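Since the structure comes first, as structure tokens, the remarks are kept for the end.
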Amino acid sequence: MILITGGAGYIGTHTLVELAMANYDFIVYDNFSNSSEEAIERVSKIIDRDVVYEKGDIRDLQKLEEVFEKYSIDSVIHFAGLKAVGESVRKPLEYYDNNVVGTIRLLECMKKFECKKIVFSSSATVYGDPKTTPIVESFSVGGTTNPYGTSKYMIERILNDLYIADNSFKIVILRYFNPVGAHKSGYIGEDPNGIPNNLMPFISQVAVGKRECLSVFGNDYDTHDGTGVRDYIHVVDLADAHVKAIEYLNSHKFSSEFSVFNIGTGHGYSVLDVIKTFEKVSEKKIPYKITSRREGDVAKCYADPALAERILGWKARKNLLDMCKDSWNWQVKNPDGYKEK
Ligand code: NAD
Ligand code: UDP
């Protein structure tokens with residue numbers, strides 16, 4: 001059985017669906033600090049069976065141990081964490097405590113119960129401002145510009161040191177690029193709190209009439225139209241990468257393992273490219289104004305995903321049109337998200 005920390009969140013819920021389709025057994029562990037039980041209900045609807053879950057915090061070692069006693073857990077997919085970049089600048093201690101200390105507690109518990117397989121959610125943010133694109137996994141990491149990014153970098157280091165000390169651990173780190181989109185059913189999707197920080201949820205809220213106008217943060221970057229370029233990846237493709245990572249860790253080829261993979265499409269799209277595609281699928285005009293650059297933003301960030309294809313047998317299948325279509329479908333069906341969060 002796989003323990004899914006943070007399984008009630010945006011990427012977690014989509015991963016539960018893909019794991020269920022691949023016939024894996026799992027149990028969700030989440031403190032619902034940024035999600036709701038409603039999200040779990042929705043997953044049950046899609047997969048047509050109950051989802052087993054326990055409410056708990058990854059920093060609560062006693063509760064974690066109870067869960068490891070109760071279920072026979074052989075691997076962990078570790079999504080739980082706080083993820084808002086701006087908030088992390090204002091609340092660094094909370095971010096390091098939740099993300100870094102929480103991960104240490106989880107790893108202690110795994111060690112105690114001889115559970116040695118883990119897939120960890122890292123981020124392209126660990127690359128900082130890359131010298132060139134596309135980004136390969138061997139690029140230097142650690143030039144992070146905010147506590148959120150630094151917490152991801154620190155956890156990567158901790159996992160690496162843990163592996164050096166005990167190479168019976170099998171560790172896969174997935175560096176996600178920009179997850180967007182939603183399950184095609186429209187039952188689950190991204191449900192940001194308040195004003196969205198990220199581009200796709202902001203555009204969706206403008207299209208549905210919840211916000212008046214999108215601010216495009218800068219049009220003087222060295223990119224094809226001057227606006228920032230990112231590697232947007234459909235959340236269902238991203239979820240599938242976790243299934244492939246689990247298959248890989250369960251394969252008998254390796255007695256120990258520490259690997260890092262970029263999870264992106266390999267294509268870079270600008271802010272204006274995303275606006276245009278979203279306008280096409282939603283048949284809505286997206287009013288926008290050009291404003292100054294957002295602090296900490298880089299011009300271009302997109303992956304070379306070849307390693308994940310070669311080693312995990314994973315490749316993104318969905319394009320920007322699918323991403324916009326599915327984001328829009330979720331937004332229209334759930335203008336206020338899960339509501340009860
Ligand atoms: P999310 O906030 O939707 O999901 C995270 C889940 O973890 C939530 O359900 C939350 O309640 C839970 N959680 C948080 N702290 C916890 C704790 N201490 N104990 C137990 N549960 C806790 O975020 P997401 O977008 O699904 O992201 C999942 C992971 O992927 C995070 O680690 C995030 O940093 C990482 N990531 C996300 C993105 C992105 O753009 N969404 C990009 C790169 C990496
Ligand atoms: N962006 C924007 N307006 C917004 C939100 C984002 O112009 O309201 C731009 C941002 O500058 C970047 C791209 O959209 O070039 C993606 O930003 P997001 O916050 O979604 O992801 P990240 O910056 O983490 O890659």
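The values are calculated or read from the model by the stated rules, or taken from the named source; none is laboratory data. Everything numeric in this text was worked out from a predicted model, so none of it was measured. Note that each Cβ is placed from the backbone with ideal geometry, even for glycine, and that neighbours are counted across all protein chains shown. Remember, those area values only see protein heavy atoms, side chains included, never the ligands or the DNA or RNA. Shrake-Rupley method; radii C 1.70, N 1.55, O 1.52, S 1.80 Å.
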Sequence order, segment 323-338: Karplus ³J(HN,Hα) from phi using 6.51 cos²θ - 1.76 cosθ + 1.60, θ = phi - 60°, Hz rounded, Gly and Pro as x, gives 5, 5, 4, 6, 5, 5, 4, 4, 5, 5, 6, 9, x, 10, x, 7
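With a cut-off of at most 13 other beta carbons within 10 Å, and DSSP calling the residue loop, which GluC sites (Glu not before Pro) in segment 13-120 qualify? Please list them. Could the numbers behind the result be given before it?
Working: sites: Glu18, Glu37, Glu38, Glu41, Glu54, Glu65, Glu66, Glu69, Glu87, Glu94, Glu108, Glu114; in loops: Glu114.
Filter output for segment 13-120: Glu114.
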To the nearest 20 debye, segment 230-334 has a Cα-centred charge dipole, built from +1 on Lys and Arg Cβ and -1 on Asp and Glu Cβ, of 400 debye
Helix 102-112: inclination vs the chain longest Cα principal axis, degrees, rounded to 10, gives 30 degrees
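Extension gain Arg211-Thr132, at 0.36 nm per residue separation less the Cα-Cα distance, in nm? Let's see the in-between values first.
On the way: separation 79, 0.36 × 79 = 28.44 nm, distance 3.51 nm.
Length difference between fully extended and current span is 24.9 nm.
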With label points set 7 Å from each Cα along the Cα-to-Cβ direction at Glu114 and Thr145, the distance between them in nm comes to 4.8 nm
Relative contact order of segment 49-156 (C-alpha contacts under 8 Å, at least 6 apart) in percent is 33 percent
Placing +1 on each Lys and Arg Cβ and -1 on each Asp and Glu Cβ in the chain, then taking the dipole about the Cα centre, the residue among Ile286, Ala316, Ser33 whose Cα reaches farthest towards the positive end is Ile286
The size of the Cβ-based charge dipole (Lys, Arg +1; Asp, Glu -1) of the chain about the Cα centre, to the nearest 20 debye, is 620 debye
Ranked by GNM mean-square fluctuation in the chain (Cα springs under 10 Å), the top entry among Phe26, Phe202, Phe139 is Phe139
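Just how large is the dipole of segment 57-194 about the Cα centre, in debye to the nearest 20, putting +1 at every Lys and Arg Cβ and -1 at every Asp and Glu Cβ?
Values: 17 positive and 18 negative charges, 53 e Å.
It works out to roughly 260 debye.
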Quick shape check on segment 60-168: root eigenvalues a ≥ b ≥ c of the Cα gyration tensor, a/c under 1.5 is rounded, otherwise prolate if a/b tops b/c, else oblate, and it reads oblate
In order over segment 222-237: 3J(HN,Hα) from phi, Karplus 6.51/-1.76/1.60, θ = phi - 60°, whole Hz, x for each Gly or Pro, gives 7, 9, 4, 10, x, 9, x, 10, 9, 9, 7, 10, 5, 4, 6, 4
GNM on the chain, Cα springs under 10 Å; top mean-square fluctuation among Lys63, Lys280, Lys253 goes to Lys253
Dipole check, the chain, charges on Cβ (K,R +1; D,E -1), about Cα centroid: among Gly128, Tyr148, Ala8 the Cα furthest to the positive pole belongs to Gly128
With every protein chain kept in place and a 1.4 Å probe, segment 21-61 has an accessible area per residue in Å² of 52 Å²
